[in-house]
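A short worksheet on the structure shown next.
The values are calculated or read from the model by the stated rules, or taken from the named source; none is laboratory data. Since this is a predicted model, take the numbers as computed values, not measurements. Counting neighbours? That spans all protein chains shown, and the Cβs are built from the backbone with ideal geometry, glycine included. Surface areas here come from the heavy atoms of the whole protein model, side chains and all, with no ligands, DNA or RNA. Shrake-Rupley method; radii C 1.70, N 1.55, O 1.52, S 1.80 Å.
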Amino acid sequence: MLRQILLCIVMLSAGIPALGQDTLRHEVLLETNKGNIRISLYNETPLHRDNFLKNVREGWYDGLLFHRVISNFMIQTGDTASRHARPGELLGSSAEGYKLPAEILYPKLYHKRGVVAAARESDDVNPERNSSASQFYIVYGKRFNDVMLDDVQVRLDKQTGGRVKLTPDVRETYKSVGGTPHLDGQYTVF
């Protein structure tokens, strides 16, 4: 069962050069009992990048489960309670001690398949959209067609007061690569 994927994250060497920048783009390797996942972190979201690297260095994620796995949507981890969870135990709401200010950079960074984003509490208790200090998700999503994306745009208009618009380039990515566009402009992709 996917829920029982164990997680260990290893920092890779110094990183790889970011396209068109003189700075390094840091990478980490998630080692799981179902295979490895290589993550490249965006320099454009320095608070989230640096916090994630700090958590990795401190071993925060070692031995954790992906506690939220939703087919054709995403997988989520980062709750330390999952390290010793009993079968059926509700996970995802452990106290963390701090939150990160949102670094939402839509449309530059959006929820295409494969990106990493910070989990957070819902808007009704977190209108600033501050991010979890440790929980993150990896987008899987699905491919969309124009009719589906038009429906997503209606949903986004309601959720964001019309502030988030799916650009032609973003729409093309969701049609060819896939993702979860209904989250755009509301969570920090890092």
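State all residues of the range 56-70 that are open to solvent by 10 Å² or more (accessible area, probe 1.4 Å) and free of Cβ contacts under 8 Å to residues at least 60 places away in the same chain; if no residue qualifies, say none. Full working, then the answer.
Our first condition is that a residue be open to solvent by 10 Å² or more (accessible area, probe 1.4 Å); within the range 56-70, this holds for 56-60, 62-63, 65, 67-70.
Answer for the range 56-70, where residues must be open to solvent by 10 Å² or more (accessible area, probe 1.4 Å) and free of Cβ contacts under 8 Å to residues at least 60 places away in the same chain: Val56, Arg57, Glu58, Gly59, Asp62, Gly63, Ile70.
Among the candidates Arg163, Arg171, which residue alone is among the basic types (Lys, Arg), part of a helix (DSSP H, G or I) and modelled with pLDDT of 95 or more?
Details: Arg163 fails: part of a helix (DSSP H, G or I).
Checking each option against the conditions leaves just Arg171.
Does the range 55-70 contain at least one residue that is in contact with a Phe, Trp or Tyr (Cβ under 8 Å, 6 or more places away or on another chain), closer than 20 Å to Leu183 by Cα and assigned to a strand (DSSP E or B)?
Kept after step one, since they are in contact with a Phe, Trp or Tyr (Cβ under 8 Å, 6 or more places away or on another chain), are these residues of the range 55-70: 55, 68.
After this cut, where a residue has to be closer than 20 Å to Leu183 by Cα as well, the list is 68.
Keeping just the survivors that are assigned to a strand (DSSP E or B) gives 68.
The answer is yes; a qualifying residue exists.
Going residue by residue through the range 117-129, is there one that turns out to be more than 30 Å from Thr173 (Cβ to Cβ) and touching a Lys or Arg at 6+ places or on another chain (Cβ under 8 Å)?
No, every residue in the range 117-129 fails to be more than 30 Å from Thr173 (Cβ to Cβ) and touching a Lys or Arg at 6+ places or on another chain (Cβ under 8 Å).
How many residues does the range 71-92 hold that are over 22 Å from Thr180 (Cα atoms) and of a type in the set (Gly, Ala, Ser)?
4
Anything in the range 103-116 that is surrounded by fewer than 20 Cβ atoms within 10 Å (Cβ to Cβ) and in contact with a helix residue (DSSP H, G or I) (Cβ under 9 Å, 6 or more places away or on another chain)? List them, or say none.
Answer for the range 103-116, where residues must be surrounded by fewer than 20 Cβ atoms within 10 Å (Cβ to Cβ) and in contact with a helix residue (DSSP H, G or I) (Cβ under 9 Å, 6 or more places away or on another chain): Glu103, Pro107, Lys112, Arg113.
Please enumerate the residues belonging to the range 169-190 that are open to solvent by less than 40 Å² (accessible area, probe 1.4 Å) and among the polar types (S, T, N, Q).
Passing the criteria: Thr173, Thr180, Gln186, Thr188.
Report yes if Arg38 is outside any loop (DSSP other than H, G, I, E, B) and either open to solvent by 30 Å² or more (accessible area, probe 1.4 Å) or out of contact with any strand residue (DSSP E or B) (no Cβ under 6 Å at 6 or more places or on another chain) (or both), otherwise no. First the steps, then the outcome.
Numbers: outside any loop (DSSP other than H, G, I, E, B): yes; either open to solvent by 30 Å² or more (accessible area, probe 1.4 Å) or out of contact with any strand residue (DSSP E or B) (no Cβ under 6 Å at 6 or more places or on another chain) (or both): yes.
It is true that Arg38 is outside any loop (DSSP other than H, G, I, E, B) and either open to solvent by 30 Å² or more (accessible area, probe 1.4 Å) or out of contact with any strand residue (DSSP E or B) (no Cβ under 6 Å at 6 or more places or on another chain) (or both).
Yes/no per residue for (1) at pLDDT below 95; (2) of a type in the set (S, T, N, Q); (3) touching a helix residue (DSSP H, G or I) at 6+ places or on another chain (Cβ under 7 Å); (4) surrounded by 16 or more Cβ atoms within 10 Å (Cβ to Cβ):
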position: Gly78; (1), (2), (3), (4): no, no, no, yes
position: Gly88; (1), (2), (3), (4): yes, no, no, no
position: Ser93; (1), (2), (3), (4): yes, yes, no, no
position: Ala118; (1), (2), (3), (4): no, no, yes, yes
position: Asn145; (1), (2), (3), (4): no, yes, yes, no
position: Val152; (1), (2), (3), (4): no, no, yes, yes
position: Thr167; (1), (2), (3), (4): no, yes, no, no
